[in-house]
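**Student:** My structure is below; once you've seen it, I'll send some questions.
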Amino acid sequence: MNSTHYDACPECDLLLRYARPKIGEKAHCPRCGFLLSRPHNQSIKRTFALSIAGLIMFFPANLLPMVGLKVLGNVNSGILMSGVIALFNEGMVAVAVVVFLASILFPLVHIGLSLLISGHLYFNRPNRYLISWMRWRHHLDEWVMLEVYLLSIIVACVKLMSLAPLSFGLGLYAFVALIIITTMLTAGVDNALFWQRIDQLNKGNNH
Amino acid sequence: MQGFIRCDDCACLVKIVDQLSTCPRCDSHLHARHPHSLQRTTAFLFGSIFLYIPANIFPIMIFSQFGSGEPNTIAGGIIELIDGGMLPIGLVVLVASILVPSCKLIGISLLLLRVHFRWQSNARRWTVLYRIIAFVGRWSMLDIFMLSILANLVDFGSIQIIAGPAATAFAAVVILTMFAAKNFDPRLLWDNQQNL
Ligand SMILES: [Zn+2]
């Protein structure tokens, strides 16, 4: 197939000659300005390392208390899951499910898939599921909403400040670290390179 | 574009030969444009406009204190923040829960109208509008996450924050507008373009 010499802009469908920019440079579509590619140095190794770090950080961020509220000697402290349970107990099942997916399950699956993909590529192991993993991760991207959740924590704290004294737990710091890791993780993935390597691996396996 | 289809999932460019319907690399279905893009976007848009009304009329959270409940709509919560001297945070919530959803509904409607009536105007500017809409959508979940945090923390028997009926409607609005933006194909803005 000689179509590999060409590329099309995903947002305006302009036919472009395929060009891979140098590390640190960006390629934009000349017609609509879409960011076509932005290769990173050692994207596979970097993704592999960051997804391990993210997976480790996921547990303290989810298990340690994040914010506590002290009223009349009682301290109520919250983790991600307890917010979901609170909504569930109030009968807000649909909202509870949405919060659970966007703040707990999807981030975990996203990191897990990144680890599986980059791990296989890093150790040169072909796997027929690599393609499905790439597709799932691609579709999951925008439903991981950890940074939105962080903004909600800030707003909630400002609202509660006047009500009662607040305490910040280790879970909150772990959560901020998790957000930094996942942001770097998504920004550092070089999809063109990943697909190219998957192609090579799976073709090598067939012969 | 002549003779090629770009796979939506893996970005691979495929030469069209005898009705090839799946991508040779990732096996997903090939479409020159998102299938039924305008119909699907319109359907999601109408759904979210319809739900936008209860989301704003009914209380999103109820602050109950010793048995008496004080219901708060989305707008009410923002006014409370600003009245309490917390203007910057009030503005953040105003942007995320009122400006973003309503601008999104208007923006998606405009995109649909432009494609449908083939308005001849700068396609690049419209693509920028599409990108902004696609980017900001998720930030409206702010209110929903905040509700889950508050419902969890403020629960001391006699003093409680309870989620109101608008919460489900608002969450649905956010998700439906995200689906609407996802189904809209920006390449339609460039089709039927006479002058660039
Ligand atoms: Zn373009």
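Bear in mind these aren't lab numbers, they're just calculated from the coordinates by the rules spelled out. On a predicted model such as this, the values are computed, not experimentally measured, just so you know. Cβ placement follows ideal geometry from the backbone for every residue including glycine, while neighbour counts extend to all protein chains displayed.
**Student:** By counting other Cβ atoms within 10 Å of each Cβ, how are A:Glu25, B:Glu80 ranked from fewest to most? Please report the intermediate quantities before stating the final value.
**Tutor:** Working: A:Glu25 10, B:Glu80 15.
Final ranking by Cβ density, sparse to dense: A:Glu25, B:Glu80.
**Student:** Could you state the per residue volume, in Å³, of the convex hull enclosing the Cα atoms of chain A? Walk me through the numbers before you get to the answer.
**Tutor:** Working: hull volume 32.5 nm³, N = 207.
Looking at chain A, the number lands at 157 Å³ per residue.
**Student:** Would you order B:Ile49, A:Ile111, B:Ile16, A:Ile104 from fewest to most other beta-carbon atoms within 10 Å of each residue's own beta-carbon?
**Tutor:** Values: B:Ile49 17, A:Ile111 25, B:Ile16 14, A:Ile104 20.
Fewest to most other Cβ atoms nearby, the residues stand as B:Ile16, B:Ile49, A:Ile104, A:Ile111.
**Student:** Moving to a separate point now. Given the C-alpha centroids of the range A:88-154 and the range B:60-86, what is the distance between them in whole angstrom?
**Tutor:** So the separation of the two Cα centres works out to 33 Å.
**Student:** Let me ask something else about it. Counting pairs on different chains as well as pairs 8 or more places apart, how many Lys pairs in the protein assembly as shown have Cα atoms under 30 Å apart?
**Tutor:** Lysine pairs meeting both conditions in the protein assembly as shown amount to 14.
**Student:** Can you list residues whose amide H is under 5 Å from B:Glu70's amide H, if they're 5+ apart or on another chain and H is modeled 1.01 Å from N?
**Tutor:** The list, which skips near neighbours in sequence, is B:Phe63, B:Ser64, B:Gln65.
**Student:** Further question on the same structure: Return the sequence-ordered ³J(HN,Hα) values of the range A:157-166 in whole Hz as given by the Karplus equation 6.51 cos²θ - 1.76 cosθ + 1.60 applied to θ = phi - 60°, using x for Gly and Pro.
**Tutor:** 5, 4, 5, 7, 3, 6, 8, 6, x, 10
**Student:** Which residue, A:Ile52, A:Ile179, A:Ile85, has the most motion in a Gaussian network model of chain A that connects Cα atoms within less than 10 Å?
**Tutor:** The residue with the greatest mean-square fluctuation here is A:Ile85.
**Student:** Sticking with this structure for a sec: Roughly how many nanometres apart are two label points built 7 Å out from the Cα toward the Cβ at A:His5 and A:Met161?
**Tutor:** Those two pseudo-labels are separated by 6.2 nm.
**Student:** Further question on the same structure: For chain A, calculate the relative contact order in percent as a whole number, restricting contacts to Cα pairs under 8 Å that are 6 or more residues apart.
**Tutor:** On the way: 245 pairs, mean separation 58.8, N = 207.
Result for chain A is 28 percent.
**Student:** Where does the protein assembly as shown land at 222 nm, in deg cm²/dmol rounded to the nearest 500, when only DSSP H runs of n ≥ 4 count, each adding -39500 (n - 2.57), divided by all residues?
**Tutor:** Values: 15 runs with 219 residues, N = 403.
Estimated from H runs of four or more residues: -17500 deg cm²/dmol.
**Student:** So, one more: Return a whole-number percent for the relative contact order of the range B:36-191, with Cα pairs under 8 Å and 6 or more residues apart as the contact set.
**Tutor:** It comes to 44 percent, rounded to a whole number.
**Student:** Only counting other Cβ atoms within 10 Å, I'd like B:Ser121, B:Ser102, B:Ser64, A:Ser51 sorted with the fewest neighbours first. Working shown, then result.
**Tutor:** Working: B:Ser121 10, B:Ser102 13, B:Ser64 16, A:Ser51 24.
Least to most surrounded, the residues fall as B:Ser121, B:Ser102, B:Ser64, A:Ser51.
**Student:** Also: Please list, ordered by chain and number, the residues whose modelled amide H lies under 5 Å from the amide H of A:Cys12; skip anything fewer than 5 residues away on the same chain.
**Tutor:** Under 5 Å from the amide H of A:Cys12: no residue qualifies.
**Student:** Any chance you could give the angle, 0 to 90 degrees and rounded to 10, that helix B:74-83 forms with the longest Cα principal axis of chain B?
**Tutor:** 60 degrees
**Student:** Give me a single rounded figure for A:65-77: the average over its residues of other chain Cβ atoms within 10 Å of their Cβ.
**Tutor:** What the average comes to for A:65-77 is 3.
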